[in-house]
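Peer 1: Before I ask anything, let me first share the structure, which is written out below as structure tokens.
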Amino acid sequence: MKREIIHMEDGRIVIPAVHPDKIRMDEAELVGLFNVVAPTLRAAKKRTLIPQHFDLTLFISS
């Protein structure tokens, strides 16, 4: 399966026009996109900013 990522381009967030199941981002890509450190990204999941049923491993290929 071809991997798609969300990225920034000229200050705009670009989300590929594909089914969400085809979007895969690893932790490093998300850290770069949101301009945070990895522990902040992990803490966001624990604080329920990201829904608990949302499994990062499904969205993020490690």
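Just so it is clear, none of the values below were taken in a lab; they were calculated from the coordinates. Quantities reported herein were computed from a predicted structural model and do not represent experimental measurements.
Peer 1: Can you return the lysines within cross-link range of K22? Criterion is Cα-Cα under 23 Å, with same-chain partners fewer than 8 residues away left out.
Peer 2: Reachable lysines: K2, K45.
Peer 1: Roughly speaking, what is the stretch gain from K22 to K2, that is 0.36 nm per residue apart minus the C-alpha to C-alpha distance, in nm to one decimal?
Peer 2: Gain in length upon complete extension: 6.5 nm.
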